[in-house]
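Each value in this text was obtained by applying a stated rule to the coordinates, not by laboratory testing. The shown structure was predicted, so the numbers you read here are calculated from the model rather than taken from an experiment. Note: ideal-geometry Cβ built from the backbone for every residue, glycine included; neighbour counts use all protein chains shown.
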Amino acid sequence: MATLGRRHILQWLWGVPFIAVILQISGILFSYGLPRKKTGTFGTVIDIGSLAEMPTPVDIPLHHSRGRFWLLNNENGLVAIANTCSHLDCLFNWNQEAGCFICPCHGSQFDRQGKVLSGPASRNLDRFPLLVVDADGQVIGQTSPEGKPLLLPSVALRGIPADSTESLAGVQVLPRVQVDTSRRFSGTTILS
Ligand code: FES
């Protein structure tokens with residue numbers, strides 16, 4: 001009787017890894033079946049226009065609500081700043097009079113780079129990587145691994161750049177700029 005009981009326990013113990021493997025395989029198959037994120041929505045790479053459509057250093061920051069970022073061009077390049085406060089995730093706004101971002105929840109302020117000017121937030125704002133792609137979708141420029149502002153190719157932002165490519169119809173095609181909202185640089189590690 002005792003042997004029978006032990007055999008049952010052993011059989012059960014052998015079954016556990018088998019069930020675990022089945023569950024793991026089911027999980028993988030299920031995740032493949034999940035619908036992919038819709039292109040152009042938060043969590044994907046979002047096309048934000050051609051080089052000529054990018055803001056200049058004198059333009060005020062543009063809020064991209066679908067992508068959940070603020071786009072702005074500083075003297076040192078283009079940045080896409082995540083639109084949630086580094087304190088407790090409130091949505092902050094650009095205050096043109098003060099010339100900085102101000103969070104309505106507890107009053108933290110951030111400069112145009114996303115650096116903390118005053119708390120309670122203690123860390124800079126997060127940033128999303130930017131990509132510049134040519135007409136074939138090849139990446140010809142991107143944010144550095146440190147998340148620094150992206151210097152756009154040396155182009156007259158309001159004209160046809162020298163490195164524009166030609167489409168089949170013979171029309172000049174400007175490189176396009178994209179924001180990868182599936183990845184981000186933490187404000188804690190961004191230095192400039
Ligand atoms: S959530 Fe922005 S200051 Fe607290």
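Taking segment 85-110, which residues are farther than 17 Å from Asn74 by Cβ and out of contact with any strand residue (DSSP E or B) (no Cβ under 8 Å at 6 or more places or on another chain)?
His87, Leu88, Asp89, Glu97, Cys105, His106
Scan segment 102-127 for residues that are within 12 Å of the ligand (Cβ to nearest atom) and assigned to a loop (DSSP other than H, G, I, E, B) and jot them down.
If the condition is that a residue be within 12 Å of the ligand (Cβ to nearest atom) and assigned to a loop (DSSP other than H, G, I, E, B), then Cys103, Pro104, Cys105, His106, Gly107, Ser108, Gly119, Pro120, Ala121, Ser122, Arg123, Leu125 are the ones that fit.
Go through segment 80-100 and report how many residues are within 10 Å of the ligand (Cβ to nearest atom) and either in a strand (DSSP E or B) or of a type outside the set (Phe, Trp, Tyr) (or both).
Residues in segment 80-100 being within 10 Å of the ligand (Cβ to nearest atom) and either in a strand (DSSP E or B) or of a type outside the set (Phe, Trp, Tyr) (or both): 8 in total.
List every residue pair whose Cβ atoms lie under 6 Å apart, where the two residues are 6 or more positions apart in sequence or sit on different chains, the first residue falls within segment 90-106 and is β-branched (Val, Ile, Thr), and the second residue, located anywhere, is within 13 Å of the ligand (Cβ to nearest atom).
Taking only residues 6 or more apart or on different chains, the pairs are Ile102/Gln109.
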